[in-house]
Amino acid sequence: MRRAIKKYVYLIAALPLLNSCADLDQQPYNTLGGEVPFKTVQDAKNWATGIYPKLIKNHFGPKMYLTDLQSDFLNMKITSQISGRDFHTWDFNDGEATVKSAWADSYTAIQNMNYALQGFANFSDQESIKEYIGQAYLARAYYNTYLVTHFCKAYNEATADTDLGLSIFDYQVKDFPDRSSLRATYDYILSDISKAKTLLAGKAGSVGAREFTVDAAKALDARVRLYKGDWQGAYNSAKELVDGGKYPLVTSAATLQKVWENDQTNESITQLAVSLSTGERPETNELYIAKNTDAIKMIDGVATYTVRVINDGVRTRTVTSTVVLSVGMATYLPTQSFIDLFDSSDIRKQTYLLRDYVTVAGTGAAYTLYMVGKYRDNVKLKLRADANPTYLHEPKIFRIAEQYLIAAEAAYKNEDVTNAQKYLNLLRRARGLSNVSVTGDALYTEIKNERNRELCFEGFRQHDLKRWQQDVVRGTPQRMDVIITTDADKYYQLNKPYTNYKMVWPVPSANILIRDGNYKQNPGW
């Protein structure tokens, strides 16, 4: 069975659609040749199973964390590393490799889904393969959602017919289509989700499901409708998942840490399985921690070495010793402003943040500071427990906590204060916080701050700033002497309006050239 699955994974990867770094300057516009090999239900199942290894690769790593580096909750530490620096300083351009791969990999996956759906349509017994069709539709919607949140403006009902959306296409394409309007793009995504919900109706959700289920379709529906400003639709989908009680919230700090550090499946609507033996492993977010063992001469500004004078009968000599520690070599540190969002009773504080020794490049010093704690080394995903850290994790595609936040925000926007408070407070109490009873702008601030705490460093922040029409204002650093301060306006004092054109990533320059300059670039680029 495993060989059969891998066969179809390789088949997907073999399609002539941007599957190597060498191909990043091309786009998925060529016609796909050959016929889809769907002769049995098992063929269709194998193809659907092949969706997930690619999704694993595309979830973590730069495609997720670069918008967080670009946003306001992180400072760049004094370091020899350059990971993500151009995004943190807003110096990236339309030739940036990750921008190209984010665009190309998503459209490659979309074209693969189109290829599969065309083959599924020719299958004689549609009823027997409807869940596999549903998974393909939902995968296409998922990738289009990623693209629309990174490469398009936030949805605005007043300008949705003129704002640029995505190139949308159902089947194989010979030429990369023109960009649709933002309204048409959102309608297309929601149409795919609607089809997926119908087709996946018989594939019931369960905690930690390894594939897309009907609950995954509902979760994406709630997310997209929130982004579109369809408050009632977002509320209905989120409420259904929350009120169903299938995915209880974690209420203990110990369990929550196991969820993130050991990939315990509590709260996950969809959590993809990572396999070291088959190479189905994600990118990592090790730049947040990257622990190593090092010799430290100074801790928190105090010398740790000792000097002893030894008389051995011949001469006097000085012996200097250092302290050897396992220290964090994080490239980016959470701001003090972000840390201050967490109350001491919040069970997330010790999991989402990690307080430990952090080195500062070139100084031989370590300071006790907070690092991002969500992506610690999971020893279960190492070939040996004593092997070097891998920082591998199972991608948590949909979590129930997000649905509480969607229900609260959508209810607030619908002027339903009672239910906005209800779903906000249900999540707050589970995390060890007390109820809030505020209304008006104060309630909206509490909802946004709760979203900032719960979904931190999962790739949501920048699009939230866009749609909330909030500027990117870097927070106060934990320590000035450990972060980069030269060119302050690019680092710890960065202040960008939400209307800045770089809040929307550029269409890769190669895509413009392929269409003889006629493909529409995002404004400002």
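Restricting to the stretch 477-495, give me the number of residues that are β-branched (Val, Ile, Thr) and either within 12 Å of Leu74 (Cβ to Cβ) or under 24 Å from the mean Cα position of the chain (by Cα) (or both). If you could, list the steps in order and put the result at the bottom.
If we filter the stretch 477-495 for residues that are β-branched (Val, Ile, Thr), which is where we start, we get 482-486.
Now restrict to residues that are either within 12 Å of Leu74 (Cβ to Cβ) or under 24 Å from the mean Cα position of the chain (by Cα) (or both): 483-484.
Result for the stretch 477-495: 2.
For Gln462, indicate whether it is of a type in the set (S, T, N, Q), under 25 Å from Gly233 (Cβ atoms), modelled with pLDDT of 95 or more and out of contact with any Cys (no Cβ under 9 Å at 6 or more places or on another chain).
Working: of a type in the set (S, T, N, Q): yes; under 25 Å from Gly233 (Cβ atoms): yes; modelled with pLDDT of 95 or more: yes; out of contact with any Cys (no Cβ under 9 Å at 6 or more places or on another chain): yes.
In short, yes.
What is the number of the single condition among (1) within 17 Å of the chain's Cα centre (by Cα); (2) closer than 18 Å to Trp505 by Cα; (3) not charged (D, E, K, R) that Ala139 does not meet?
With respect to (1) within 17 Å of the chain's Cα centre (by Cα); (2) closer than 18 Å to Trp505 by Cα; (3) not charged (D, E, K, R), Ala139 is out only on (2).
When the residues of the stretch 438-450 are filtered to those that are more than 17 Å from Asp343 (Cα to Cα) and touching a residue at least 12 places away in the same chain (Cβ under 8 Å), which remaining residue is surrounded by the fewest Cβ atoms within 10 Å (Cβ to Cβ)? Walk me through how you get there before you give the answer.
Step one: of the stretch 438-450, the residues more than 17 Å from Asp343 (Cα to Cα) are 438-444.
Filter once more, so that each one left must be touching a residue at least 12 places away in the same chain (Cβ under 8 Å): 439, 443-444.
On the way: Thr439: 12, Leu443: 18, Tyr444: 17.
Result: Thr439.
Does Thr486 satisfy the condition of being more than 30 Å from Gly165 (Cα to Cα) and part of a loop (DSSP other than H, G, I, E, B)? Before the answer, list the steps.
Numbers: more than 30 Å from Gly165 (Cα to Cα): yes; part of a loop (DSSP other than H, G, I, E, B): yes.
Taking the combined requirement at face value, the residue satisfies it.
Check the stretch 175-182 and report whether any residue there is in contact (Cβ under 8 Å) with a residue 24 or more places away in the chain, surrounded by fewer than 21 Cβ atoms within 10 Å (Cβ to Cβ) and polar (S, T, N, Q).
No: the stretch 175-182 contains no residue that is in contact (Cβ under 8 Å) with a residue 24 or more places away in the chain, surrounded by fewer than 21 Cβ atoms within 10 Å (Cβ to Cβ) and polar (S, T, N, Q).
If the Cβ limit is 7 Å and pairs must be 6+ apart or interchain, which residue in the stretch 234-246 that is modelled with pLDDT of 95 or more pairs with which residue that is part of a helix (DSSP H, G or I) and charged (D, E, K, R)?
Qualifying pairs under 7 Å: Ala234/Arg225; Ser237/Lys218; Ser237/Asp221; Ser237/Arg225; Glu240/Lys218; Leu241/Asp215; Leu241/Lys218.
Pull up the stretch 346-395, narrow it to residues that are crowded, with 20+ Cβ neighbours inside 10 Å and of a type in the set (Ser, Thr, Tyr), then point me to the one that is farthest from Leu272 (Cα to Cα).
Going through the qualifying residues, I end up with Tyr367.
Taking only the stretch 150-202 into account, find how many residues are of a type in the set (D, E, K, R) and over 25 Å from Ala116 (Cα atoms). Show your work before the answer.
Of the stretch 150-202, the ones of a type in the set (D, E, K, R) are 153, 157, 161, 163, 170, 174-175, 178-179, 183, 187, 192, 195, 197.
Add one more test, that the residue is over 25 Å from Ala116 (Cα atoms), and what stays is 153, 157, 161, 163, 183.
Summing the residues that are of a type in the set (D, E, K, R) and over 25 Å from Ala116 (Cα atoms) in the stretch 150-202 gives 5.
Could you list, in sequence order, all residues of the stretch 452-489 that are among the polar types (S, T, N, Q) and either farther than 26 Å from Leu226 by Cα or touching a Gly at 6+ places or on another chain (Cβ under 6 Å) (or both)?
If we filter the stretch 452-489 for residues that are among the polar types (S, T, N, Q), which is where we start, we get 452, 462, 469-470, 476, 478, 485-486.
Across the stretch 452-489, the qualifying residues are Thr476, Gln478, Thr485, Thr486.
Of all the residues that make up the stretch 58-73, how many are closer than 22 Å to Leu369 by Cα and part of a loop (DSSP other than H, G, I, E, B)?
Residues meeting the conditions: 3.
Return the pairs, sorted by first residue and then second, in which the second residue is of a type in the set (Val, Ile, Thr), the first residue lies in the stretch 53-70 and is under 17 Å from Asn452 (Cα atoms), the beta carbons are less than 8 Å apart, and the residues are 6+ apart or on different chains.
Leu66/Thr98; Gln70/Val472
Within the stretch 72-91, is even one residue closer than 21 Å to Ser194 by Cβ and of a type in the set (Phe, Trp, Tyr)?
Scanning the stretch 72-91, I find no residue that is closer than 21 Å to Ser194 by Cβ and of a type in the set (Phe, Trp, Tyr), so the answer is no.
Which one of these does Arg467 not meet: (1) of a type outside the set (Ser, Thr, Tyr); (2) touching a Lys or Arg at 6+ places or on another chain (Cβ under 9 Å); (3) at pLDDT 95 or above; (4) surrounded by 14 or more Cβ atoms within 10 Å (Cβ to Cβ)?
(2)
Please note which helices (runs of 4 or more DSSP H) are completely contained in the stretch 189-269 and include at least 2 residues that are among the polar types (S, T, N, Q). Can you show your working first?
Numbers: elements: 214-228, 231-243, 253-261.
Ranges flagged: 231-243, 253-261.
Kindly indicate the residue of the stretch 443-479 that is acidic (Asp, Glu) and part of a loop (DSSP other than H, G, I, E, B) and also farthest from Lys413 (Cα to Cα) among those meeting that condition. Can you show your working first?
Initial filter on the stretch 443-479 (acidic (Asp, Glu)): 446, 450, 454, 458, 464, 471.
Now drop any that are not part of a loop (DSSP other than H, G, I, E, B), which leaves 458, 471.
Numbers: Glu458: 24, Asp471: 20 Å.
Once the filter is applied, the top-ranked residue is Glu458.
The values are calculated or read from the model by the stated rules, or taken from the named source; none is laboratory data. Computed from a prediction, not measured in an experiment: that's the story for all the values here. Cβ coordinates were reconstructed from backbone atoms using ideal geometry, including for glycine residues, and neighbour counts include every protein chain displayed.
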